[in-house]
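First up is the structure itself, then whatever we jot down about it.
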Amino acid sequence: MSSSPLLLAGVEAGGTKFVCAVGTGPNDLRAEARIPTTTPEQTLDEVAAFLRQAQATHGPIAALGIACFGPVELDPESARYGHILATPKAGWSDTDVAGVLGRALGVPVAFDTDVNGAALGEGRWGAGVGFDPFVYLTVGTGIGGGAVVDGRPLHGMGHPEMGHLPVPRDRARDPFPGCCPYHRDCLEGLASGTAIAARWGRAAQDLVDRDEVWDLEAEYLGAALASIVWTLSPRRLIVGGGVAEVPGLLDRVRTQLRLRLGGYLRHPTLAGDLGSFVVPPALGARAGVLGALAMADDALGAGKGRLPR
Ligand code: ZN
């Protein structure tokens, strides 16, 4: 739970919309807004106007958290910290999201990926509570994963790229070459919503009653989750995103993961059907913006966060 009585702002910056909130947590949101993603100038202008209006109405905001679509620069030593880097999203490459919004409010800014933001939200208020370390994997148009370790998202050179894990595949059974522009048949290239639509010629939501689609999908996701289990020893795997919401998919994934683990790890967490080990997110579509609030709170508590330059 948040120990800070101070008002915080969170922004989940997505490719189609910016979800904004001001408050102290999920049970105390004073103002919320959804702003369509258009040009960087117009979008950030509208977000800043919302935050200033919320501040005028509800009082001073102490810190701002931003969970942003990527790729993004997370290295605090870099001059481009808080920027979106080269992105296919037209007009948004090299946008200083953290700087523009931080200067608009004049408060410390915490900045991370959208996936890490959602992971932090689940860790603070959702399915990750009490399960540190845990991994949040989102399976939608693309695939991304965040690991929360000791309460913080795992960073490194940049951030983990679990969507590009290699996965075993049977080319006779699945001749689809994969759609990742860098690796072809990595996890994202084989199992993202984009890959499903390209392989089967229809969108995932129009394939829900096709067993062969979801058996194959579960094999790829199960294999990737096994790699994540071996590498990070998470206490819980939260699997969200539009594709993961297909009814019955998580059950198939649990079955595949059990097969991959092969009974090697003997831990109470892995007993039974993995029903409490592989779980859906608890916060749904609000995980990202709530995670951004948690980031703002952490930045304040740790004296971290960056004052805008
Ligand atoms: Zn890839």
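The values are calculated or read from the model by the stated rules, or taken from the named source; none is laboratory data. As the structure is a prediction and not an experimental result, all values here were calculated from the model. Positions of Cβ are backbone-derived with ideal geometry, glycine not excepted, and every protein chain shown enters the neighbour counts. The area values use the complete protein model at the heavy-atom level, side chains included, leaving out ligands, DNA and RNA. Shrake-Rupley method; radii C 1.70, N 1.55, O 1.52, S 1.80 Å.
Between helix 114-125 and the chain, what is the angle of the helix's C-alpha long axis to the longest principal axis, kept within 0 to 90° and rounded to the nearest 10? Once rounded, the angle reads 80 degrees. Binning all Cα-Cα separations of the range 129-281 at 10 Å, short to long from zero, yields these whole-percent fractions: 11, 43, 35, 11, 0.
Near Gly201: Cβ cut-off under 14 Å, other residues only, Lys/Arg at +1 and Asp/Glu at -1. The net charge is +1.
Neighbours of Val11 by Cβ distance under 12 Å: Lys/Arg scored +1, Asp/Glu scored -1, total -3. The Cα center of the range 209-257 and the Cα center of the range 140-158 differ in position by 17 Å.
Here the accessible area is traced with a 1.4 Å probe on the protein chains. For the range 1-106, carbon and sulfur cover 52 percent of it. All C-alpha pair distances within the chain, sorted into 10 Å bins from zero, spread as 6, 28, 33, 22, 10, 1, 0 percent across the bins. When the solvent-accessible area of the range 129-281 is split by element, carbon and sulfur atoms take up 53 percent of it, the probe being 1.4 Å.
Of the beta bridges in the chain, as assigned by DSSP with both residues counted there, near 60 percent are antiparallel. Largest GNM mean-square fluctuation among Leu290, Leu85, Leu190, using the chain with Cα springs under 10 Å: Leu85.
Spin-label model, Gln42 to Ala271: label points 7 Å out along the Cα-to-beta-carbon direction sit 5.8 nm apart. Helix 287-301 and the longest principal axis of the C-alpha atoms of the chain enclose an angle of approximately 50°. Beta bridges assigned by DSSP with both partners in the range 129-281 are antiparallel in approximately 60 percent of cases.
Measuring with a 1.4 angstrom probe and ignoring ligands and nucleic acids, Phe69 comes out at about 20 Å² accessible. Taking every protein chain into account, the accessible area of the chain amounts to 45 square angstrom per residue (probe 1.4 Å).
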